[in-house]
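**Q** My structure is below; once you've seen it, I'll send some questions.
The values are calculated or read from the model by the stated rules, or taken from the named source; none is laboratory data. These numbers come from a predicted model, not from an experiment. Quick reminder, even Gly has a Cβ in these numbers, built from the backbone with ideal geometry, and neighbours come from all protein chains shown.
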């Protein structure tokens, strides 16, 4: 089993980093091969731009997804992007580990997706969801935040966190074909003492130990939609 | 009236850039003062890190929001962040102009929010939504995408785009106190001919002309919730 953990926390001693390390240790303990892309440590560039291609199909006018498709076909992606793509292709399980910034990923991780989840390989045309390029792989989100769990509910001032993360869970991971597992959110982290943090680490290890028994989140099935994905046909 | 447009498209000749320019022209034509932060042209750094502070409250352990609060209080933010904060504080209307990447903003714009919407000024403690730091200002999202509008509906394979943008519309702009106007989405852009693009530009100019008559999106009212925002009390 190959595991890729993509981690984007600016503090190496953070609780988020501890969750990342616990996951790496867990899977190494099982004999799995584990790669970690620590985006801060790598100085990963998150800005999608014309610099991402060693040569362009249209050097005068940039349509980013079209250049991605061309670059995938002809091997024209910059090496930092290609290296991350290769890691994703090798993995059976992708774990995204990050602190919640504005009900979403930090820009550094968002940019890893913008640049690495290239059109023509991760998705393209009708190759989305059950036909997506990454089908057969699993994905798991592990995120830390300051808010309390009860703030995120029908009764609380914020919305359900899983709903707020739909652009990532469904729109990105599900869209590209991953089996997306129930996300793991560690709430209220900056205000917790060591015992409470230890309890969360225990929950996380238990989640990881039981990972093979977990059903993925439900995703659309492309065959249920018409040719333009505009209407359900069954 | 002061308008700030924050623009994050990598192609200066893109339709998204044309929408941005049309907005700048519209408001300049009305005698408004318009500033444009073209993040690609500026080479804006979107990565929130320990480098964002000229001095730190805790040099050994980074809690980003706590350092933001300390830096706001003591004037310790890096100049590139402070310059953007000053622009936001000057503006009456903030326009975010970008292409949709993965049902969200490009990392470059997400990082502008991560670094510029600092704790202690944009929000803090109970100062969110109607008590947020940016109350009295309006915000308008203008985004371009490849999908057709009918794909994003109860019948389509994707969810409603306004729902997918809840982390930005409610969780970021509403949360920090902006009156958030109905977003403007330009669909199917890469596949449209000049006439169709011209029609969208016309719609956009009409939206801008009627902006004073537009009711903002509904947001939570802090007084309706208990002290921890965990339950509605009325």
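**Q** Of all residues in region A:92-125, how many are more than 7 Å from chain B (Cβ to nearest Cβ) and either assigned to a strand (DSSP E or B) or more than 12 Å from the chain's Cα centre (by Cα) (or both)?
**A** Restricting attention to region A:92-125, the residues satisfying the condition of being more than 7 Å from chain B (Cβ to nearest Cβ) are A:92-100, A:105, A:109, A:112, A:115-125.
Okay, now just the ones that are also either assigned to a strand (DSSP E or B) or more than 12 Å from the chain's Cα centre (by Cα) (or both), so A:92-100, A:115, A:118-125.
Number satisfying all stated conditions: 18.
**Q** Among (1) at the interface with chain B (Cβ under 9 Å from one of its Cβ atoms); (2) touching a helix residue (DSSP H, G or I) at 6+ places or on another chain (Cβ under 8 Å); (3) over 19 Å from residue A:20 (Cα atoms); (4) assigned to a helix (DSSP H, G or I), which single condition is residue A:150 missing?
**A** Residue A:150 satisfies every listed condition except (2).
**Q** If you take the residues of region B:86-123 that are under 21 Å from residue A:47 (Cα atoms) and free of Cβ contacts under 8 Å to residues at least 40 places away in the same chain, which of them is surrounded by the fewest Cβ atoms within 10 Å (Cβ to Cβ)?
**A** Looking at the filtered set, the residue picked out is B:102.
**Q** Let me ask something else. Of all residues being out of contact with any strand residue (DSSP E or B) (no Cβ under 8 Å at 6 or more places or on another chain) and either more than 13 Å from chain B (Cβ to nearest Cβ) or assigned to a loop (DSSP other than H, G, I, E, B) (or both) in region A:153-165, which is farthest from residue A:213 (Cα to Cα)? Just the residue, please.
**A** Selected residue: A:154.
**Q** A further question on this structure: Just give me the residues in region B:48-76 being assigned to a helix (DSSP H, G or I) and in contact with a helix residue (DSSP H, G or I) (Cβ under 9 Å, 6 or more places away or on another chain), in sequence order. Give the derivation first.
**A** Start the filter on region B:48-76 by keeping residues that are assigned to a helix (DSSP H, G or I), which leaves B:50-52, B:64-74.
Hits for region B:48-76 are B:50, B:52, B:64, B:65, B:66, B:67, B:68, B:71, B:72.
**Q** Hey, another quick one. So which residues in region B:215-234 are under 15 Å from residue B:125 (Cβ atoms), touching a helix residue (DSSP H, G or I) at 6+ places or on another chain (Cβ under 6 Å) and either more than 8 Å from chain A (Cβ to nearest Cβ) or assigned to a helix (DSSP H, G or I) (or both), if there are any at all?
**A** B:222
**Q** So is residue A:69 surrounded by 14 or more Cβ atoms within 10 Å (Cβ to Cβ) and within 14 Å of another protein chain (Cβ to nearest Cβ) or not? Before you say what the answer is, go through the steps one by one.
**A** Numbers: surrounded by 14 or more Cβ atoms within 10 Å (Cβ to Cβ): yes; within 14 Å of another protein chain (Cβ to nearest Cβ): yes.
Yes, satisfied.
**Q** Right, something else. State which residue is nearest to residue B:199 (Cα to Cα) when the search covers only region B:22-47 and only residues that are within 14 Å of chain A (Cβ to nearest Cβ) and touching a strand residue (DSSP E or B) at 6+ places or on another chain (Cβ under 7 Å). First the steps, then the outcome.
**A** As a first pass, look at region B:22-47 and keep what is within 14 Å of chain A (Cβ to nearest Cβ): B:38-47.
Next, only the ones that are touching a strand residue (DSSP E or B) at 6+ places or on another chain (Cβ under 7 Å) stay: B:38-39.
Working: B:38: 25, B:39: 27 Å.
Filtering first and then ranking leaves B:38.
**Q** Which residue pairs have Cβ atoms closer than 9 Å, lie 6 or more positions apart in sequence or on different chains, and pair a first residue in region B:1-21 that is free of Cβ contacts under 8 Å to residues at least 12 places away in the same chain and within 14 Å of chain A (Cβ to nearest Cβ) with a second residue that is surrounded by 19 or more Cβ atoms within 10 Å (Cβ to Cβ) and assigned to a helix (DSSP H, G or I)?
**A** Partner pairs satisfying both residue conditions: B:11/A:64; B:11/B:17; B:11/B:40.
**Q** How many of the residues in region B:1-47 are over 20 Å from the mean Cα position of the chain (by Cα) and in a helix (DSSP H, G or I)?
**A** Pass one, region B:1-47, residues over 20 Å from the mean Cα position of the chain (by Cα): B:13, B:28-31.
Okay, now just the ones that are also in a helix (DSSP H, G or I), so B:28-29.
So the answer is 2.
**Q** Picking from A:223, A:198, which residue would you name as being out of contact with any strand residue (DSSP E or B) (no Cβ under 9 Å at 6 or more places or on another chain) and more than 29 Å from residue B:62 (Cα to Cα)? Quick ask: steps written out before the conclusion?
**A** Numbers: A:198 fails: more than 29 Å from residue B:62 (Cα to Cα).
Residue meeting the stated conditions: A:223.
**Q** Are any residues in region A:45-69 more than 17 Å from residue A:113 (Cβ to Cβ) and in contact (Cβ under 8 Å) with a residue 24 or more places away in the chain, and if so, which ones?
**A** Taking region A:45-69 and keeping what is more than 17 Å from residue A:113 (Cβ to Cβ), we get A:50-51, A:53-63, A:66.
Of everything in region A:45-69, those that are more than 17 Å from residue A:113 (Cβ to Cβ) and in contact (Cβ under 8 Å) with a residue 24 or more places away in the chain turn out to be A:51, A:53, A:54, A:66.
**Q** Condition first: more than 28 Å from residue B:48 (Cβ to Cβ) and touching a residue at least 24 places away in the same chain (Cβ under 8 Å). Now tell me which residues in region A:71-85 satisfy that.
**A** A:71, A:72, A:73
**Q** If I filter region A:178-193 for residues that are surrounded by 15 or more Cβ atoms within 10 Å (Cβ to Cβ), in contact with a strand residue (DSSP E or B) (Cβ under 7 Å, 6 or more places away or on another chain) and within 19 Å of residue A:125 (Cβ to Cβ), do I get at least one hit?
**A** Yes; the residues of region A:178-193 include at least one that is surrounded by 15 or more Cβ atoms within 10 Å (Cβ to Cβ), in contact with a strand residue (DSSP E or B) (Cβ under 7 Å, 6 or more places away or on another chain) and within 19 Å of residue A:125 (Cβ to Cβ).
**Q** Just give me the residues in region A:137-147 being within 19 Å of the chain's Cα centre (by Cα) and within 10 Å of chain B (Cβ to nearest Cβ), in sequence order.
**A** Taking region A:137-147 and keeping what is within 19 Å of the chain's Cα centre (by Cα), we get A:137-145.
Within region A:137-147, no residue meets the criteria.
**Q** Considering region B:41-53 alone, what residues qualify as being surrounded by 20 or more Cβ atoms within 10 Å (Cβ to Cβ) and over 12 Å from residue B:78 (Cα atoms)? Give the steps one after another, and end with the answer.
**A** Keep residues of region B:41-53 that are surrounded by 20 or more Cβ atoms within 10 Å (Cβ to Cβ), which gives B:44-48, B:52-53.
Once the filter is applied, which keeps residues that are surrounded by 20 or more Cβ atoms within 10 Å (Cβ to Cβ) and over 12 Å from residue B:78 (Cα atoms), region B:41-53 yields B:44, B:46, B:47.
**Q** Count, please, the residues in region A:126-136 that happen to be assigned to a loop (DSSP other than H, G, I, E, B), more than 12 Å from every other protein chain (Cβ to nearest Cβ) and farther than 19 Å from residue A:167 by Cβ.
**A** Final tally of qualifying residues: 2.
**Q** Select, from A:168, A:208, the only residue that is touching a helix residue (DSSP H, G or I) at 6+ places or on another chain (Cβ under 9 Å), more than 11 Å from every other protein chain (Cβ to nearest Cβ) and surrounded by 13 or more Cβ atoms within 10 Å (Cβ to Cβ).
**A** Values: A:168 fails: more than 11 Å from every other protein chain (Cβ to nearest Cβ).
Sole residue among the options that is touching a helix residue (DSSP H, G or I) at 6+ places or on another chain (Cβ under 9 Å), more than 11 Å from every other protein chain (Cβ to nearest Cβ) and surrounded by 13 or more Cβ atoms within 10 Å (Cβ to Cβ): A:208.
**Q** Of the residues A:193, A:203, A:212, A:160, only one is closer than 30 Å to residue B:175 by Cα, more than 15 Å from the chain's Cα centre (by Cα) and at pLDDT 95 or above; which? Steps first, answer last, please.
**A** On the way: A:203 fails: closer than 30 Å to residue B:175 by Cα; A:212 fails: closer than 30 Å to residue B:175 by Cα; A:160 fails: at pLDDT 95 or above.
Going through A:193, A:203, A:212, A:160 in turn, the sole match is A:193.
**Q** Out of A:83, A:59, which single residue is within 20 Å of the chain's Cα centre (by Cα), more than 8 Å from chain B (Cβ to nearest Cβ) and surrounded by fewer than 16 Cβ atoms within 10 Å (Cβ to Cβ)?
**A** A:83
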